[in-house]
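Visitor: There's a structure below that I have some questions on.
Where a number appears in this text, it was derived from the coordinates with a stated rule and is not lab data. Worth saying up front: this structure is predicted, and the values here are computed from it rather than measured. Note: ideal-geometry Cβ built from the backbone for every residue, glycine included; neighbour counts use all protein chains shown.
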Amino acid sequence: MLSIKNLKVSINNKEILKGLDLEVKPGEVHAIMGPNGTGKSTLASVIAGRREFDVTSGEIIYKGKNLFDLSPEERACEGIFLGFQYPVEIPGVSITNFLRTAVNEQRKYKGLDPLPASDFLALMEEKKKLVEIQSNLTKRSVNEGFSGGEKKKNEIFQMAMLDPGLAILDETDSGLDIDALRIVANGVNKLHTKDNAAILITHYQRLLDYIVPDFVHVLFEGRIVKTGGKELALELEEKGYEWLKNG
Amino acid sequence: MTENTFKDKLISLFDDNFRANFKHDTPHVHQLRRQAMEAFAKTGFPHTRLEEWRSTNLAKPLALEYVQHFQPLDEKIDIEKVFQCEVYDLDTYVFSQLNGWYIYKTLPITTLPNGTIVGSLDKAMETYPEIFEKHYAQYADFRNNGLNALNTAFAQDGMFIYVPDGVEVSKPIQIINIINLKENIFIQPRNLIILGKNSKLQLVNCDHSLLHKASLINSVSEVVIGENAELDYYKMQNKDNESTMVASLYFHQEANSRLTSNTITLNGGIVRNNTSVKLNGQGCETNLYGLYLVDKEQHIDNHLAVEHAAPNGTSNQLFKGILDDQAQSVFHGHVLVQRDAQKTNADQNNKNILLTDKANAQSEPHLEIYADDVKCSHGATIGQLDPEAMFYLQQRGISQDSARMLLMNAFAEEVINKISIDPLRERIDELVSKRLKGELTICDQCILDCSGRKPVKFDIDLSKLS
């Protein structure tokens, strides 16, 4: 589904990713862990299509398409979803209007007619329950004045509405209390099928108590230095990243 | 023609007409004309050497030739056939002016069932001389202001509205001002609006031009808001690119009165809005909002002057603009807090989005404070659409064009949401969207034959945004 080969990425002439390889198959959940500043968010941004990075070598193939040939919106329409670490506040754009536009633009990309308003509203009601968000939240402007937990729940709500093939959740667990974490994780678990995949970027093992990954990768100084099963996360929690550095 | 020859021409035109025309003047108004003309002879037209006019140059429109009428053209015109208001489901009392003259089917002055008087200023002068004695030219200073002087000297017609004490006018009053003449025209409308104590009025003022000849408008409005009265004032400006409009509004607020003014400029050649408010009694509330969408060579200048003359007053200014092409905008907000105006709360804010490198926005908030116990703030931003928000929207599959449209609409929304008349707000919202998409033309409302004219469009050059 996703195949990353020898990816090297710089920003302002500083190399952040130094030859990264990653394979993700349908139905899998991957966790990428590692200390701050090792390139975890850079990886997420480059897959999603942020422009401020220079890709100096390598390729990212998603469902047979080279992502570097696609704009951010085309990648989204192909099924790539980025759950933002810091969701942006957009005053004046209601969540309903935002999502209706997004859903219909994605449908247009696939050659489908816009979703009738009643169907769209029914879909929203259904997905709201999934992430336990208050019904009046969708009338508010996107993320404006939301608490940290509301912002992250809103990311998962959008993911539910857009039904992506590959969800990359960039530190979705940071800044969440235990209840919000449980809701967010439940949402991700319910949305997971044998046909889609998720990449969880996280610092802490805590999230992985709720979402059990198939693979855990450790990203360190721009490379994946170790890959294992879910038990690797526990080992990291216990021994810290220093253990890898020395080992 | 230079400004000076125009000025000389106006002076002799005044002398020629002083006796023959201005027939409905009260002695008071008649005398004011003469004084005003003397003042104009001294001050003349504003020019860019004046601080207040540094950024808006009238030299070009003043160099053109215009006709001026001292009588309404005797055209039997059915306004509904010429002009259809875009805000169609708005239930209002509608009154119209054509080329600066109040037009009516039966009576020049109408008294609504609740006692509110609406009609032609020309006729009201004769009928209600005591009101004119008390209020006319009391708020719009002409001694040091050339354009006010010129208007006071020449003005013959305009709207007169009088809301008696305690009357809450149930439906909005809508005034449609249309310019429609096959020659270049110079008009100077004059409006006088009085709200009695504890009264309430919503006023919707629409400025349109239908033919594409040059027009020069110098309008002066004086609005008195009595004690504990409330006025919502909406000004919709959709003029063609050949028009020059200086619209000067003077609000005089008595104690505990509330004013909300919202100026939406969808199109216009040169537009200068002078909005002055005096919070004369204590506990007044003033909200001045504005939105301008300009492109091509258009120039919009909002000059605001708010004077807090009494304690416990609150004033807010929020003006937002989107500029494309070589368009220029000026925001000049001045708040003066007098020594006695303790506990004043004043805020000024101007935000602009520039869509091109050549568009230019000037923002000049000023505070002048003589009281010591006040809370005043001001802010101004000039920038592009937020790239983080753009990426966020695109990451959800929204195309760059749609994302820009969403953000521009959202930017405008903050001002549009202040409109308290629901159908008006919804319609303005649609008009603004149409304008931003380049679909609104000033010909939209017009069924006259304008063949051969290209519609005015708001072409946003999307390639210029990263």
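Visitor: Report the far tail of the P(r) of the stretch B:1-61, meaning the percent of Cα-Cα pairs longer than 20 Å.
Guide: 39 percent
Visitor: Still on this structure, I have one more. Please give the average number of partner chain Cβ atoms lying within 10 Å of the Cβ of each residue in A:84-93, rounded to a whole number.
Guide: Mean partner shielding for this stretch: 6.
Visitor: Any idea what the dipole of the stretch B:3-464 comes to, in debye rounded to 20, about its Cα centre with Lys/Arg Cβ at +1 and Asp/Glu Cβ at -1?
Guide: Here the stretch B:3-464 has a charge dipole of around 480 debye.
Visitor: Treating only the Cα positions of chain B as identical point scatterers, give the base-10 log of I(q)/I(0) from the Debye formula at each q in 0.10 Å⁻¹.
Guide: Listed by q, the Debye log ratios stand at -0.72.
Visitor: State the dimensionless ratio Rg/Rh of the stretch A:2-246 (Rg: radius of gyration of Cα atoms; Rh: Kirkwood radius). List each step's numbers first, then the result.
Guide: Values: Rg = 17.9 Å, Rh = 18.6 Å.
Value, to two decimals: 0.96.
Visitor: Percent relative contact order of chain A, based on C-alpha pairs within less than 8 angstrom and at least six residues apart?
Guide: 28 percent
Visitor: Here is a follow-up. What ranking do B:337, B:277 get, fewest neighbouring Cβ atoms within 10 angstrom at the top? Present the calculation step by step, with values, prior to reporting the outcome.
Guide: Details: B:337 25, B:277 28.
So the residues, fewest neighbours to most, are B:337, B:277.
Visitor: Out of residues 5 or more away from residue A:19 or on other chains, whose amide H comes under 5 Å of its own, with H placed 1.01 Å from N in the peptide plane?
Guide: A:7, A:8, A:9
Visitor: Straight-line reach from residue A:239: which lysines have Cα under 16 Å away, leaving out those fewer than 8 places along the same chain?
Guide: A:226, A:230
Visitor: While we're here: Convert each backbone phi in the stretch A:152-163 into a coupling constant with the Karplus relation 6.51 cos²θ - 1.76 cosθ + 1.60 (shift: θ = phi - 60°), then list the ³J(HN,Hα) values in order as whole Hz, x for Gly and Pro.
Guide: 6, 5, 5, 5, 5, 4, 5, 4, 5, 5, 9, 6
Visitor: Rank B:412, B:132, B:46 by how far each Cα sits towards the positive end of the charge dipole of the stretch B:3-464 (+1 on Lys, Arg Cβ; -1 on Asp, Glu Cβ) and give me just the farthest.
Guide: Towards the positive end, the residue furthest out is B:46.
Visitor: Moving to a separate point now. Quote the relative contact order of chain B in percent (integer), defining contacts as alpha-carbon pairs under 8 Å separated by 6+ residues.
Guide: Value for chain B: 10 percent.
Visitor: Once you compute Rg and the Kirkwood Rh from C-alpha atoms, what is the Rg to Rh ratio for the protein assembly as shown?
Guide: That ratio equals 1.08.
Visitor: Still on this structure: May I ask you to sort A:182, B:190 by Cβ crowding, counting other Cβ atoms within 10 Å and putting the fewest first?
Guide: On the way: A:182 14, B:190 26.
Ordered by Cβ neighbours within 10 Å, fewest first: A:182, B:190.
Visitor: Convex hull over the Cα atoms of the stretch A:85-133, averaged projected area in nm²?
Guide: Numbers: hull surface 17.9 nm².
Projected over every direction and averaged, the Cα hull of the stretch A:85-133 covers 4.5 nm².
Visitor: A further question on this structure: Can you give the log10 of the normalised intensity I(q)/I(0) at q = 0.10, 0.12, 0.16, 0.17 Å⁻¹, computed with Debye over equal Cα scatterers of the stretch B:94-235?
Guide: For the stretch B:94-235, the Cα-only Debye profile gives -0.33, -0.48, -0.85, -0.96.
Visitor: Now for a separate question. Just name one of B:147, B:220, B:261: the one whose Cα is farthest towards the positive end of the charge dipole of chain B (beta-carbon charges, Lys/Arg +1, Asp/Glu -1).
Guide: Comparing the listed Cα positions along the dipole, B:147 ranks first.
Visitor: Still on this structure: Using a cut-off of 15 Å between alpha-carbon atoms, which aspartates and glutamates can reach residue B:9, once sequence neighbours fewer than 8 places away in the same chain are excluded?
Guide: B:38, B:65
Visitor: What ³J(HN,Hα) values, in whole Hz, does the Karplus curve 6.51 cos²θ - 1.76 cosθ + 1.60 give for the stretch B:339-354 when θ = phi - 60°, with x put for Gly and Pro?
Guide: 4, 7, 7, 5, 6, 6, 10, 10, 9, 10, 8, 9, 10, 10, 10, 9
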